[in-house]
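Report on one structure; see the data block that follows.
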Amino acid sequence: MATRIIGTGSATPAHVVTNSDLEGFLDTSDTWIRERTGIGSRHAATTETTTSLAAEACIKALEDAGKKPEDVDLILAATVSPDCTFPCLACQIQAEIGADNATAYDVNAACAGFLFALNSATAYIECGMYKNALIVGAEVLTKIVDWNDRSSCILFGDGAGAAFVEQADTGVVAMEQGANGKKGMVLYRYERPVQNPFCEKADEEVSQGSGFLEMNGQEVFRFAVSQVPESIQKVLVKAGWDISEVDHFVLHQANARIIQSIAKRLGEPEEKFPMNLQKYGNMSSASIPVLLDELNKAGELKRGEKLILSGFGAGLTYGATALIW
Ligand code: UT7
């Protein structure tokens, strides 16, 4: 028994922010952003929320799979930018789409979140606990980036991608995932500090943190280009596949230079590494499922093809999944 993706969906906010738009208020340029990242534009929520984007992506994934909301056993939502800390995004999606029979909770593994959710759903389905799952990565990162920090805000965008998975004869073949918490502070965002009537420090002595996403870009870059190829090599061994058999590498869309470097290290042609970061920037947990949905809807994925999905991000977290489409 395996777990197979049988439907995908995605949603992005209507408002598009180009690099030239950023030149209006940041000391940056379209040339710098394109050369260093490959990004040309990103979508920014103005009226949309993490929940509304996620729900739209989920409804489209269910339609694509030919399923109804009440058919769903489990909703796993990956996000670092939910509308509320609680209730969780997955419960909000459940209410929004009417998936009344589903269990629902969130996964926080940042940009590797969709992959971790897929792996968790696969484990549940393979042990027989659930027959299907709706997995979604959804982010409104434009509300947590510091729009004065040109080294980070130019990278990120908003969106959501979803996949409906269910028991099948073929599908996910192997999973590889891991974490390195010791390196966690290269990409982080603090929550509210401990501050209550029982603390000795006066209010003004308590560091509030910036409240924004903070990042050491070069450290994250180094981590990605070494860890992702290693994860992919490990999952290939588990799957028993030669790398030349892989038809598509669907990677987290953080930076074109990261993806090109990974392709080079693996000795595989760049054409096998589709990218959509030019239009969307880095949407964290939504990057992989949005790309998957675009490839699916464009007819670029054929049933029976071999795919590697791979993500990395804050935590630090990383992983790869080998699956038959
Ligand atoms: O999902 C994971 C999320 N994070 C990532 O994927 C981040 C991975 N890292 C990266 O993508 C790259 O490290 C960045 C795109 C963030 C930065 O590129 P870089 O080639 O590592 O640039 P840098 O940090 O070495 O900065 C080079 C210069 C600096 O100026 P000086 O000190 O050389 O004068 C920066 O201040 O570029 C400057 N700079 C900018 N200039 C124009 C930094 N950001 C910008 C900007 N526009 N937006």
Share, in percent, of DSSP beta bridges within the chain that are antiparallel, nearest 5: 75 percent
Subset of Lys131/Lys297; Lys279/Lys302; Lys264/Lys302; Lys143/Lys264 violating a 29 Å alpha-carbon distance limit: Lys143/Lys264
Using distinct alpha-carbon pairs, which all enter the 1/r mean, Kirkwood radius of region 2-169 in Å: 16.5 Å
Most mobile of Phe312, Phe273, Phe116 in a GNM of the chain (Cα contacts under 10 Å): Phe273
Förster-model FRET efficiency, 25 Å R0, Met1 and Lys238, C-beta, rounded to 0.05: 0.90
18 Å Cα-Cα reach of Lys238 towards lysines, excluding residues that sit fewer than 8 places from it in its own chain: Lys306
Estimated distance in nm for a label pair at Lys264 and Ser226, the labels positioned 7 Å out from Cα along Cα-to-Cβ: 1.7 nm
Size descriptor, Kirkwood hydrodynamic radius, that averages inverse alpha-carbon separations across the chain, Å: 19.8 Å
Proximal charge balance of Val290 [Cβ under 13 Å; K/R count +1, D/E count -1]: -1
Where labels lie 7 Å past Cα in the beta-carbon direction, separation of Asp27 and Thr47 in nm: 3.8 nm
Lys/Arg +1, Asp/Glu -1 at C-beta; the chain dipole; positive extreme among Leu251, Asn276, Asn132: Leu251
Gaussian network model of the chain, springs between alpha carbon atoms under 10 Å - residue of Ile258, Ile135, Ile97 with greatest fluctuation: Ile97
Where labels lie 7 Å past Cα in the beta-carbon direction, separation of Tyr190 and Ala95 in nm: 3.1 nm
Most fluctuating residue given options Met215, Met129, Met283, as computed from a GNM of the chain linking Cα atoms under 10 Å: Met129
Antiparallel DSSP beta bridges within region 2-169, percent to nearest 5: 70 percent
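Just so you know, all these numbers are worked out from the coordinates, no wet-lab data involved. Predicted model, so just to flag it, every value in this text is computed and none were measured. Glycine also receives a Cβ, built like all others from the backbone with ideal geometry; neighbour counts cover every protein chain displayed.
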